[in-house]
Amino acid sequence: MKQLKRILHVEDVPSIQVVTRIALEKIGGFEVLSCPSGQAALEQVQAFAPDLILLDVMLPQMDGIELVRQLGQLIDLQQIPVVFLTGHLQPERLHELRQLGVRQVLSKPFDPLQLAAQLQKIWEAEHG
């Protein structure tokens with residue numbers, strides 16, 4: 001089974017970006033590329049070649065759902081799981097997200113000590 005190593009994280013709030021990065025790098029041992037916007041993620045996703053994408057719904061200029069649509073034109077979202085980490089998602093949008101390739105929605109506030117394990121579990125469900 002391929003291991004989960006590289007995570008692209010898209011989050012515009014600096015404090016959440018730092019906490020998430022520490023949780024994933026120090027606790028999970030993952031390599032993390034943090035992007036403050038959807039545009040930054042689109043510019044860097046192919047060069048970074050993530051194994052998993054973790055993103056917020058509420059982003060400046062382009063929301064997370066539009067970002068997933070555009071990422072799907074650049075990379076294979078059937079092979080690269082997308083996970084939303086958000087406090088703002090209407091339940092009726094979940095079906096739309098699944099059709100775009102979103103595997104899971106995690107809620108904010110989140111437990112930094114559990115985040116790496118949660119993403120590993122999602123990864124194993126995909127690749128186990």
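The values are calculated or read from the model by the stated rules, or taken from the named source; none is laboratory data. These numbers were taken from a predicted model, which means no experiment stands behind them. Heads up, the Cβs are rebuilt from the backbone with ideal geometry, glycines too, and the neighbour counts pull from every protein chain shown. Areas reflect the complete protein model, heavy atoms only, side chains present, ligands, DNA and RNA absent. Shrake-Rupley method; radii C 1.70, N 1.55, O 1.52, S 1.80 Å.
Pairs, please: C-beta under 6 Å, at least 6 apart or cross-chain, first residue without any contact (Cβ under 8 Å) to a residue 24 or more places away in the chain and in the range 92-117, second among the β-branched types (Val, Ile, Thr) and not in a strand (DSSP E or B)?
Listed pairs, sorted by first residue: 103/122; 104/122.
Which residues, counting only those in the range 118-128, are without any contact (Cβ under 8 Å) to a residue 60 or more places away in the chain and among the small types (Gly, Ala, Ser)?
Scanning the range 118-128 gives a single hit, 125.
Please go through (1) over 15 Å from residue 83 (Cα atoms); (2) in a helix (DSSP H, G or I); (3) hydrophobic (A, V, I, L, M, F, W, C) for residue 1 and return the number of the only condition it doesn't satisfy.
Checking residue 1 against (1) over 15 Å from residue 83 (Cα atoms); (2) in a helix (DSSP H, G or I); (3) hydrophobic (A, V, I, L, M, F, W, C), the one that fails is (2).
For the range 7-19, which residues satisfy the criterion of being surrounded by 16 or more Cβ atoms within 10 Å (Cβ to Cβ) and outside any loop (DSSP other than H, G, I, E, B)? Explain how you work it out, then say what you get.
The initial filter retains those residues of the range 7-19 that are surrounded by 16 or more Cβ atoms within 10 Å (Cβ to Cβ), namely 7-12, 16-17, 19.
Result: 7, 8, 9, 10, 16, 17, 19.
How about the range 40-128: which helices (runs of 4 or more DSSP H) wholly inside it have at least 1 residues that are over 14 Å from residue 10 (Cβ atoms), open to solvent by 20 Å² or more (accessible area, probe 1.4 Å) and of a type in the set (D, E, K, R)?
Details: elements: 64-71, 94-100, 112-127.
Hits in the range 40-128: 94-100, 112-127.
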